[in-house]
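Written out below as structure tokens is the structure these notes cover.
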Amino acid sequence: MDLDKIFHRAKTQSVPKTPKPQKSQYEDDSSLFDDKGTELLGRDKRMLLSKIQQYKSLFPEELGKFKIKKNCSAEDLKLYLSEMESIVDTSSVEQFLTDSILQCIKLTEGVSSYTKYDITGCADLLKANKQFHTLTKQMYIKYKVFEKVPPEYSLAVLVATTAYVCKNKNTKKKEIESFLSQPIQEKQEIIVQ
């Protein structure tokens with residue numbers, strides 16, 4: 001048999017189409033009544049589905065591949081939601097703790113810049129170091145810190161350390177701008193001293 005004939009035969013044979021699921025008429029118009037009607041889920045199931053959707057949209061990286069079985073019960077949805085919370089908690093706490101360590105080092109950098117042991121830039125170097133991240137993860141596993149840090153505490157520490165780093169950065173920025181706005185003769189006197 002010729003390949004063209006096989007190809008032509010395969011093209012002309014009709015492939016049975018699977019029927020699309022029928023949507024209720026209420027989705028297309030604003031009428032109240034329909035032959036099929038809206039599926040009744042109940043308040044609990046709708047609340048669980050809403051929380052699950054919020055988790056999926058707020059944490060796309062952590063939950064991107066997380067799938068839920070269709071038409072599952074409210075009890076199953078509770079289990080899925082609990083699993084999603086666990087995934088987010090463990091990944092966000094790990095990132096939070098690493099960021100907190102780096103922010104604390106940044107705070108130390110600000111203070112150290114006034115001493116002979118200036119470690120400015122240390123946090124940036126550690127952040128880029130894969131071994132640092134591996135060791136911090138091993139430490140998190142060893143001390144089982146994932147469940148011990150509530151999100152409220154994490155947020156407070158994050159805001160406080162970031163604010164302090166910004167304050168130091170802005171203070172240094174004002175000092176530099178002040179120095180740059182001085183006349184050249186004054187700058188030479190400062191450099192000579």
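The values are calculated or read from the model by the stated rules, or taken from the named source; none is laboratory data. Here the structure is a predicted model, which means the values were calculated and not measured. Here Cβ is always computed from backbone atoms with ideal geometry, including for glycine, and neighbour counts include all displayed protein chains.
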Single match in 36, 67 (criterion: surrounded by 10 or more Cβ atoms within 10 Å (Cβ to Cβ), modelled with pLDDT of 75 or more and part of a loop (DSSP other than H, G, I, E, B)): 36
Meets criteria (modelled with pLDDT of 70 or more, closer than 24 Å to residue 88 by Cα and surrounded by 11 or more Cβ atoms within 10 Å (Cβ to Cβ)) for residue 132: yes
Tabulated pairs, segment 118-144, first free of Cβ contacts under 8 Å to residues at least 60 places away in the same chain and farther than 13 Å from residue 99 by Cα, second surrounded by 15 or more Cβ atoms within 10 Å (Cβ to Cβ) and of a type in the set (A, V, I, L, M, F, W, C), C-beta under 6 angstrom, 6+ apart or interchain: 122/105
Only one of 119, 105 that is of a type in the set (A, V, I, L, M), outside any helix (DSSP H, G or I) and either touching a Cys at 6+ places or on another chain (Cβ under 8 Å) or surrounded by 12 or more Cβ atoms within 10 Å (Cβ to Cβ) (or both): 119
Hits in segment 70-99 - residues which are free of Cβ contacts under 8 Å to residues at least 24 places away in the same chain, over 30 Å from residue 161 (Cα atoms), in a helix (DSSP H, G or I) and not charged (D, E, K, R): 79, 82
